[in-house]
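One structure is given below, encoded as structure tokens.
The values are calculated or read from the model by the stated rules, or taken from the named source; none is laboratory data. None of these values were measured; they are calculated from a predicted model. So basically every Cβ, Gly included, is an ideal-geometry build from the backbone, and we count neighbours across all protein chains shown.
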Amino acid sequence: MSGFALGAAVLLLLTLVAGMVRVVRGPTAADRMLAAQLFGTTGVAVLLLLVLAGGGSVLLDVALVFALLAAVVGVAFARRGIAAPQPGRGGGHERE
Amino acid sequence: MIPALDILLIVALLWLARQALVARDLFKGVVLFIAFGLLLALAWVRLRAPDIALAEAAIGSGLTGALFLSTLGRLRRMEREAGQAEPPPEDGRRGGWTGGFLTAAGTVLVTALLGWAVWALPAGAPGLGDAVQARLGESGVSHRVTAVLLNFRAYDTLLEVGVLLVAIVAVWAVARADFPFVTRNAEAGSVPPQQTALVNLLVPVMLVVAGYLLWIGATAPGGAFQAGAVLGGAGVLLLLSRPHWAVLPERRWMRTGLAAGLLVFLGVGLALVIAGRRLLEYPAGWAGALILLIEAAVTLSIGLTLTLLFLGGRPAAGDPAPTMTHTNQQP
């Protein structure tokens, strides 16, 4: 079980690296932010797998905080998209 | 599998750090910083430091990310008001060879010094872990990190809480609140229902989790800083969803709340001095209760500090009407 959980965690980290390419290349602000939001979700999954692999139940608390605080960034980004429409560009889809 | 996990983490962290530093586009830099914070929290987990992982996940990635987005909004608005066209963002270095060389040399030097410092440590030194463990029974808590932070080295933590108060005083001294987020939808005249539903669901959960982290700090990783950060997250969500709260004028309870943590901390310390003990030398049997009292007050102050920092400056004094320059101009 522990070996499978660690293997899955490594696989998830690899998908996270693939997500980083999207953060760096964009092209829109929403592309970058959604990839970062996905990191939060993936991070929660990695932490839960580490608990399965014997990392200790304290990691569940870390996962809880990951999930809650990622939502704060997401909402702040969504409000910013409406707050700062660039001239001649769409609301949340402005090119960066 | 464990080495593969760790190597992936290290490589990804270094790559993210480099990308965040060379990004010419500030928004891209902020998103990379948020991602970096998340991975750094995972790295702390792997280093078996869950206390720091909790703090990094809450403060380093979540709240700092939101604060950076707030700063970015202010910068954009200032640029627009100054009538400047946004410079076309392009990645890459601009400093030329000299700047690049100096940066590289400095980085290599600091890294070498750090490596030398670690190398020079006596091999197999026990550290202070055993000393802490030996006196843990007297500390009033059963979690070693909390015992050090709130009992054995409480003086350091007292000063840290003071630093937080100084930080918000400094921000209030140099800037007026200028909330760079539109909290209403221009068309509907209200917050979108999805956001309201999300916030109504999340804020109560965050309050419970903050209370949980505060309480569990006595026996497991957690405590005032982590709980305060989650509380601050709830505050930021409320500011983003309650249009009238983001323009609230300065009130006395704000100042009281900001100072409460330091006041209670100092009050406990001074009361002990008056009772004939040393500063923050808790009497036997009272340590657990006093630590919880201090941590509860510090949690509230940290939460309020982080929430008010998100406004970007000191709230307007008195009547809010004439100062609502940005959020009440919708038709």
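Within the range B:257-267, is there a residue that is under 13 Å from B:Thr307 (Cα atoms) and out of contact with any Cys (no Cβ under 6 Å at 6 or more places or on another chain)?
So the first thing to find is which residues in the range B:257-267 are under 13 Å from B:Thr307 (Cα atoms), and the list is B:257-258.
Then drop every residue that is not out of contact with any Cys (no Cβ under 6 Å at 6 or more places or on another chain), which leaves B:257-258.
Scanning the range B:257-267, I find at least one residue that is under 13 Å from B:Thr307 (Cα atoms) and out of contact with any Cys (no Cβ under 6 Å at 6 or more places or on another chain), so the answer is yes.
Give, as residue ranges, the helices (runs of 4 or more DSSP H) completely inside the range B:1-89 that count at least 2 residues that are of a type in the set (Phe, Trp, Tyr). Give the derivation first.
Values: elements: B:2-22, B:26-46, B:50-55, B:64-81.
Passing ranges, in order: B:26-46.
Going by the structure shown, is B:Asp25 touching a residue at least 60 places away in the same chain (Cβ under 8 Å), touching a helix residue (DSSP H, G or I) at 6+ places or on another chain (Cβ under 6 Å) and charged (D, E, K, R)? First the steps, then the outcome.
Numbers: touching a residue at least 60 places away in the same chain (Cβ under 8 Å): yes; touching a helix residue (DSSP H, G or I) at 6+ places or on another chain (Cβ under 6 Å): no; charged (D, E, K, R): yes.
Taking the combined requirement at face value, the residue does not satisfy it.
Would it be correct to say that A:Leu59 is buried (at least 22 other Cβ atoms within 10 Å of the Cβ) and within 7 Å of chain B (Cβ to nearest Cβ)?
On the way: buried (at least 22 other Cβ atoms within 10 Å of the Cβ): yes; within 7 Å of chain B (Cβ to nearest Cβ): yes.
The answer is yes for A:Leu59.
Which of the residues belonging to the range B:236-262 are aromatic (Phe, Trp, Tyr) and either more than 14 Å from chain A (Cβ to nearest Cβ) or surrounded by 18 or more Cβ atoms within 10 Å (Cβ to Cβ) (or both)? Step through it out loud before you land on a result.
Narrowing the range B:236-262 to residues aromatic (Phe, Trp, Tyr): B:245, B:253.
Once the filter is applied, which keeps residues that are aromatic (Phe, Trp, Tyr) and either more than 14 Å from chain A (Cβ to nearest Cβ) or surrounded by 18 or more Cβ atoms within 10 Å (Cβ to Cβ) (or both), the range B:236-262 yields only B:Trp253.
Here is a list: B:Leu231, B:Leu262, B:Leu238, B:Leu308. Which entry is touching a residue at least 12 places away in the same chain (Cβ under 8 Å), part of a helix (DSSP H, G or I), in contact with a Gly (Cβ under 7 Å, 6 or more places away or on another chain) and closer than 26 Å to B:Gln195 by Cβ?
Going through B:Leu231, B:Leu262, B:Leu238, B:Leu308 in turn, the sole match is B:Leu231.
Contact list please: Cβ distance under 8 Å, first residue in the range B:44-57 and touching a residue at least 12 places away in the same chain (Cβ under 8 Å) and acidic (Asp, Glu), second residue in a helix (DSSP H, G or I) and surrounded by 19 or more Cβ atoms within 10 Å (Cβ to Cβ), pairs at least six apart or on different chains.
Filtered contacts from the range B:44-57: B:Asp51/B:Gln226; B:Glu56/B:Gly37; B:Glu56/B:Leu40; B:Glu56/B:Ala41; B:Glu56/B:Trp44.
So, restricting to helices (runs of 4 or more DSSP H) that lie completely within the range B:118-225, which ones have at least 1 residues that are within 21 Å of B:Thr307 (Cα to Cα), modelled with pLDDT of 80 or more and away from chain A (no Cβ under 11 Å)? Break it down stepwise before answering.
Details: elements: B:129-135, B:144-147, B:154-174, B:193-216.
Filter on the range B:118-225 gives B:154-174, B:193-216.
So B:Asp6 clears everything in (1) within 20 Å of B:Ala57 (Cβ to Cβ); (2) more than 7 Å from chain A (Cβ to nearest Cβ); (3) crowded, with 18+ Cβ neighbours inside 10 Å except one condition, right? Which one?
(3)
Kindly indicate whether B:Trp253 is of a type in the set (A, V, I, L, M, F, W, C) and at pLDDT below 85. Lay out the reasoning, then the answer.
Numbers: of a type in the set (A, V, I, L, M, F, W, C): yes; at pLDDT below 85: no.
In short, no.
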